[in-house]
Amino acid sequence: MEDATASLTAALFGLEGFVVLAAADAGDELELLVETTAELVGCPACGAVARAKDRRPVWVRDLPVAGRAVVICWHKRVWSCPHALCGTRSWTEQHEAIAPRACLTERARQWAFEQVGRCDAAVSRIAAQLGVAWWTVMNQVIERGVPVVEDPARLAEVTAVGVDETAYLRATGTHPTEFATGITDLTPGRPARLLELVAGRSGTVLGCWLGEQSADWRAAVVTASLDPFRGYATALATQLPDAVRVLDPFHVVKLGLSCVDDIRRRVQHDTLGHRGHTGDPLYGIRRVLRRRQDRLSTTARDRLHAGLITGDPDGEVTLAWTVAQDLMSLYQLTDPDQARTRALALIADLRAAPIAELARLGRTLHAWRAELCAHFDHPDVSNGPTENLNLKIKNTKRTARGYRNFAHYRLRLLLNHGRVREDHPPTRIRTRRPSLAA
Ligand SMILES: [Zn+2]
């Protein structure tokens, strides 16, 4: 019976080389008294069979058990050498599972790192589960994570990159909004991932990072997708002269939609003399205006038409909406030549438009026409994966309730979104036969 209990606790505890002698409730925590199974130990100097001399308790935290934090009390043996002539008198036993003076077992350290660095958990939450300080967990993330993200192999075999700005710290009373430049891997055939995050939003920071990469790496990049920011385009042209620059469809459509918004706000103010609020016809359709025409339900379509008829007497919002829809429909075309012809015609029309906001959009798109049309020849560099990635990045930001330390922010993002993922399906439990032959 005693053997059965011992094997049960050993199986639950699962740390090889240790046995559980006792378990006790210690408030919210579980305290486990353990010792090693080592019985026959040789003197490290002379090899004589050591004599057990004493025991010394050390406390260390381990993985939570059934939702409770665990403290292990390890009764370390103190051994002594029986050989009178040997210089070694006594020593304390050591085990690879628990490093000397550590406050966490090795497996708890690894678990903490995996939770934060792979499962995107908040450091504070893992620290609470283990019953340790925030920094104890963060130190593990740094110690184990930095070699992973700095491994040059992580950047290997990239043929398409994307460049995008992201706000990493919102403005407060004491500092302005801080931006960072994200470089993503858009290589076709695999999920997008983050290659690097550099502080700042300029062609210089992007150019510096690209310049640090090997000539072979830079030569392998065939396409570079970017948002319409001249600094990024210049850096890409200088550092990746052979790569085709592609303007992200997402950003092109965004330019068109913000033009619709600008005109809607102006017309709203001109016709009603105040900012839009509930009950105003244009304000009521502000979200419908941003959606693709062919995805509108009949009800939404009717609302859109009704809103435009009452709220847009001169048809300015209607015209801007048509332009935005035309921009979106460019990306539905499968024939690159047709798409290019239509895009250039649309840009020419916009530049000649009598509405100032539309003419400005025309000038912007004209300046980016080469990059805009390049997308039609490289449709595989799509914005879908980037958007998905941006969503995940936002999630990481929320998990941690914002970041003040850029190095921590970069490390967390690269660990969680910068690796090629190999997710394994969970083991099925319903159809499995029990391993315990009863
Ligand atoms: Zn000895």
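Rule-based calculations on the coordinates, nothing more; no lab input. Because the structure is predicted, anything quoted here is derived from the model rather than measured. Every residue, glycine as well, gets a Cβ built from its backbone with ideal geometry; the counts of neighbours run over all protein chains shown.
Odds and ends about this structure:
- What the Kirkwood sum gives for the chain is a hydrodynamic radius of 27.1 Å, with every pair of different alpha carbons counted.
- Nonlocal amide H pairs with Val70, under 5 Å, H built at 1.01 Å: Leu30, Asp62, Val65
- Segment Arg275-Ala300, extension gain: residue separation times 0.36 nm, minus the distance between their alpha carbons: 6.7 nm
- Taken about its Cα centre, region 249-377 carries a charge dipole of about 380 debye when Lys and Arg each add +1 at the Cβ and Asp and Glu each add -1 at the Cβ.
- In this rough spin-label picture, where each label sits 7 Å from Cα along the Cβ direction, the Glu29-Thr364 distance is 5.6 nm.
- Going from the fewest other Cβ atoms within 10 Å to the most, the residues Thr299, Thr364 appear in the order Thr299, Thr364.
- Taking all Cα pairs closer than 8 Å and separated by 6 or more residues, the relative contact order of region 109-150 comes to 44 percent.
- Label-to-label distance, Asp54 versus His408, with points set 7 angstrom from Cα along the beta-carbon direction: 4.0 nm.
- The residue among Leu130, Val141, Phe113 whose Cα reaches farthest toward the positive pole of the charge dipole of region 109-150, with charges on the beta-carbon of Lys, Arg, Asp and Glu, is Leu130.
- Size of charge dipole - the chain - debye, nearest 20, with Cβ of Lys, Arg +1 and Asp, Glu -1, no other charges: 760 debye
- Computed over region 258-373: relative contact order in percent, which uses C-alpha pairs under 8 Å that are six or more apart: 23 percent
- Where Cα atoms sit under 26 Å apart: lysine pairs in the chain separated by 8 or more or lying on different chains: 4
- The stretch between Ala11 and Asp314, if pulled fully straight at 0.36 nm per residue, gains 101.4 nm over its current Cα-Cα span.
- At R0 = 35 Å, FRET efficiency that the Cβ-Cβ distance of Asp242 and Arg398 yields, to 0.05: 0.35
- The modelled label-to-label distance between Lys254 and Glu114, using points 7 Å beyond Cα along the C-beta direction, is 3.6 nm.
- Modelled FRET efficiency - R0 30 Å, Val146 with His175, Cβ distances, 0.05 increments: 0.70
- Between Arg290 and Ala133, the FRET efficiency from the beta-carbon distance, with R0 = 45 Å, is close to 0.45.
- Listing Cys208, Cys119 from fewest to most neighbouring C-beta atoms within 10 Å gives Cys119, Cys208.
- Taking each DSSP H run with n ≥ 4 as -39500 (n - 2.57) and averaging over every residue of the chain yields -14000 deg cm²/dmol at 222 nm.
- Remark: Ser225, Ser435 ranked as Ser435, Ser225, counting other beta-carbon atoms within 10 Å and listing the fewest first.
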